[in-house]
1. Quick one: which strands (runs of 3 or more DSSP E) lie wholly within region 74-129 and hold at least 2 residues that are of a type in the set (Asp, Glu)?
2. Let me spell it out: the conditions are (1) outside any helix (DSSP H, G or I); (2) over 13 Å from the mean Cα position of the chain (by Cα); (3) among the β-branched types (Val, Ile, Thr), and Val63 meets all of them except one. Which number is the exception?
3. With the condition kept exactly as written, say whether any residue in region 128-147 is surrounded by fewer than 14 Cβ atoms within 10 Å (Cβ to Cβ) and β-branched (Val, Ile, Thr).
4. Could you check Arg40 against (1) in contact with a Gly (Cβ under 8 Å, 6 or more places away or on another chain); (2) over 22 Å from Gly12 (Cα atoms); (3) touching a residue at least 12 places away in the same chain (Cβ under 8 Å); (4) outside any loop (DSSP other than H, G, I, E, B) and say which number it fails?
5. Name, by its number, the condition in (1) among the hydrophobic types (A, V, I, L, M, F, W, C); (2) outside any loop (DSSP other than H, G, I, E, B); (3) in contact with a Phe, Trp or Tyr (Cβ under 8 Å, 6 or more places away or on another chain); (4) more than 23 Å from Gln205 (Cα to Cα) that does not hold for Leu58.
6. Just give me the residues in region 6-26 being within 13 Å of the chain's Cα centre (by Cα) and outside any helix (DSSP H, G or I), in sequence order.
7. Can you work out which of the residues in region 126-139 that are closer than 14 Å to Gly10 by Cα and touching a residue at least 24 places away in the same chain (Cβ under 8 Å) is nearest to the chain's Cα centre (by Cα)?
Amino acid sequence: MNLILLGAPGAGKGTQAKRLEERLGLPQVSTGDMLRAAVREGTRLGLEAKGFMDRGELVPDSVVIGVAVERIARPDAKNGFVLDGFPRTLPQARGLEEMTGGDSRGFVVFDFEVPRGELVRRLSGRRWCPACQSTFHLESDPPKRTGVCDVDGVALVQRHDDEESVIAERLREYDARTFPLIEHYRTRAQMVPIDGNRPKDVVFQELLGAVEVHA
């Protein structure tokens with residue numbers, strides 16, 4: 001089973017993808033994780049991607065697709081995968097179709113819908129531990145001690161991507177590059193709209209129900 005989670009930054013894709021991975025036994029595959037792993041392992045594509053990342057530039061679709069091909073070819077993905085943040089563009093979607101046999105009708109595509117104001121609230125309130133990578137939220141999931149990680153006591157920081165000015169640009173980029181994927185998959189896959197502006201457990205149960213229906 002191949003699942004794709006679409007939605008703007010802050011829509012909850014990563015949280016739900018991790019839960020689906022644990023429940024279904026399918027690996028969560030995200031663009032960020034793929035690229036960081038390729039860079040860490042020093043693969044040819046990873047080194048190519050690193051050059052763009054170090055310059056603060058978007059990694060080209062051709063490189064992202066190549067890294068995705070390598071990741072999906074690993075043994076843990078032989079029975080399917082949960083895609084979180086990939087594909088992000090139409091060329092990446094077409095590349096995904098090619099690497100999986102040229103047919104997207106077997107994909108279940110979840111489109112997470114969340115109001116813009118809520119997206120900004122979620123993203124701007126996130127705080128991150130640079131040591132252990134734990135993530136907190138000032139309102140919905142605050143640390144026990146203000147400004148300090150529960151795990152290792154390291155001072156929490158706000159990542160550059162979660163600053164309000166950057167969030168606005170990320171959402172504009174989503175509208176321009178990723179939103180067209182919804183129309184692309186509407187007639188090419190099993191599309192399931194998801195109201196992401198609800199409690200996490202409610203959203204997760206709806207996802208599981210849809211997986212059973214479309215499996």
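1. In region 74-129, 107-113 are the strands (runs of 3 or more DSSP E) which contain 2 or more residues that are of a type in the set (Asp, Glu).
2. Checking Val63 against (1) outside any helix (DSSP H, G or I); (2) over 13 Å from the mean Cα position of the chain (by Cα); (3) among the β-branched types (Val, Ile, Thr), the one that fails is (1).
3. Within region 128-147, the subset surrounded by fewer than 14 Cβ atoms within 10 Å (Cβ to Cβ) is 130-133, 139-141, 144-147.
Filter again for β-branched (Val, Ile, Thr), leaving 146.
Yes; the residues of region 128-147 include at least one that is surrounded by fewer than 14 Cβ atoms within 10 Å (Cβ to Cβ) and β-branched (Val, Ile, Thr).
4. Looking at each condition in turn, Arg40 falls short on (3).
5. All conditions are met except number (2).
6. Leu6, Gly7, Ala8, Pro9, Gly10, Ala11, Gly12
7. Restricting to residues being closer than 14 Å to Gly10 by Cα and touching a residue at least 24 places away in the same chain (Cβ under 8 Å), the top hit is Arg126.
For every residue, the table says whether it meets (1) within 26 Å of Leu208 (Cα to Cα); (2) at pLDDT below 95.
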residue	(1), (2)
Ser30	yes, yes
Phe52	no, yes
Ser62	no, yes
Gly66	no, yes
Phe112	yes, no
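The values are calculated or read from the model by the stated rules, or taken from the named source; none is laboratory data. On a predicted model such as this, the values are computed, not experimentally measured, just so you know. Glycine gets a Cβ as well: all are built from the backbone with ideal geometry, and neighbour counts include every protein chain shown.
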